[in-house]
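Bear in mind these aren't lab numbers, they're just calculated from the coordinates by the rules spelled out. This one's a predicted model, so the numbers in the text were calculated from it and none came from an experiment. Methodologically, a virtual Cβ is constructed for each residue, glycine included, from the backbone with ideal geometry; neighbour enumeration extends over all protein chains shown.
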Amino acid sequence: MSRIGQSPIHVLENVEVVFENKLLRLKGPKGLLEMDISTSVDLKISDNNILVENKDNTLKGKANWGTTRALINNMMVGVTTGFTKNLEIVGVGYRGAVSGKKLTLNLGLSHSVEIEIPDDIEVKIDANTNLSVSSPNKQKLGQFCSVIRSKRPPEPFKGKGIRYAGEYIIKKEGKKK
């Protein structure tokens, strides 16, 4: 079984850590993130390290122990360097544009698709077809990219649609005459 929960999380000098009433706040150069800590784990913060301790030795407690440690580590990376996902728009006439806090996608539909960009997410578009989405919050970033991809997922015959950069689409053979 994995023992990822044992590993301490190193706190960088430009990150402020506040833990009170089971609420952990990390503030860094990329933003502020908060997380409610489960009652089955305890946090020990000492000289530039955060250590997650398991209170109960149940199966659920062990699962929360490792998960909590991984989530706190993701928060630490998020407030210092942030996370980025790249998406590609593939198809003739398919393109995207950002204006203010709206992402507008032309995906071969009878209308353009408009998506509201949340406050802590930043979207950049290169050459109308390459989206770079970044955020300090890894969960919100993945959810937003999933929403974008769901507007026109890649189809298996020509591969047209929105895909993650580097994603391989298995193409099917078309009808034979």
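Can you pull a Stokes-Einstein diffusion coefficient for segment 95-177 at 25 °C (0.890 mPa s), Rh from Kirkwood over Cα pairs, as a whole number of µm²/s? The Stokes-Einstein estimate is 175 µm²/s.
Figure legend: label point modelled 7 angstrom from the Cα of L51 along Cα→Cβ; residues of segment 15-44 with amide N under 15 Å from it are 42-44. Please report, to two decimal places, log10 I(q)/I(0) for segment 42-128 at q = 0.12 Å⁻¹ as given by the Debye formula with identical point scatterers on the Cα atoms and no solvent. Here log10 of I(q) over I(0) equals -0.62.
How much of the pair distance distribution for segment 1-99 lies past 20 Å, counting alpha-carbon pairs only, in percent? Working shown, then result.
Numbers: 2228 of 4851 pairs.
Cα-Cα pairs of segment 1-99 separated by over 20 Å account for 46 percent.
Ranking L59, N73, P29 by how far each Cα lies toward the positive end of the dipole of the chain (charges on Cβ) leaves L59 at the top.
Past 20 Å, Cα to Cα, is the threshold; run K22/K44; K138/K160; K102/K124 against it and keep the listed order.
Working: K22/K44 12 Å; K138/K160 27 Å; K102/K124 11 Å.
Check vs 20 Å cut-off fails for K138/K160.
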